[in-house]
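Heads up, the thing below is written out as structure tokens.
What follows draws every value from the coordinates through simple rules; no lab data is involved. Note that the structure is a prediction, hence the values are computed from the model and not measured. For neighbour counting, all protein chains shown are included, and Cβ atoms are generated from backbone atoms with ideal geometry for every residue, glycine included.
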């Protein structure tokens, strides 16, 4: 792996603001298409099991974003939830065309389009668009996190008993991978309020802007966290794995917090072995 300073050199050679502007535009256009399509009859298919769904909108959005990026930056690589990886360029677009597909398919307005951009293995910028609330969350490494045009920051809550946390469960929760149920219960047993929205990207956005004080989930993919993880860090928050290790978007477990409650969340998560 290249030294961090080399990563910054690579990023300085790229028009990151142009990448970000394109990501914001494509996230918005894909989100508005999805919102319009939702009013009509959705075509829904089953993916890996009966609970893991995909709609024609997921597929349309990913193809749309991939094609639009390729028109302008044919040398860039791409990683999407539906069609996987393509290309080997230094710049990688990491896309979740609909994060919260089950919510989307059921008409529950908690879903978004997430686009993260990685340069030489380091997150550079990202955009997450929630068309239901017309909220565009975006960030650029070293330049802060924003909701629409307002800069955002994580909460300042220090008392866990006054906190509001959020978590998520995998589609195969019936097999209880990574003891997800026990970890969820461990917080409840301590009297901690925990929500479950069904969109990891939105969970991370809400930590970044202070609506939640922390988020934990045991089994995520890069497209779930690519934009949101950088957003939380740029908003002043902390991201680690379940062991307190530095978090990579290619790691499945994640804890994101306002920093002040991070050790508490880590302690509760680790209390379940």
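Things worth noting here:
- Length-normalised contact order of the stretch 160-270 in % [C-alpha pairs under 8 Å, at least 6 apart]: 28
- Gaussian network model of the chain, Cα within-10 Å springs - most flexible of 157, 113, 207: 157
- Whole-angstrom gap from the stretch 89-110 to the stretch 232-261, using each part's C-alpha centre: 21
- Between 258, 61, 103, the GNM of the chain built on Cα springs shorter than 10 angstrom shows 103 fluctuating the most.
- Largest mean-square fluctuation among 167, 158, 240, in a Gaussian network model of the chain whose springs join Cα atoms under 10 Å apart, belongs to 158.
- Exposure proxy for 224, 99, 246: other Cβ atoms within 10 Å of each Cβ, ordered fewest to most, give 246, 224, 99.
- Gyration tensor (alpha-carbon) shape descriptor, the stretch 152-249, a/c threshold 1.5: oblate
- Prolate/oblate/rounded call for the stretch 95-162, Cα gyration tensor, a/c under 1.5 rounded: oblate
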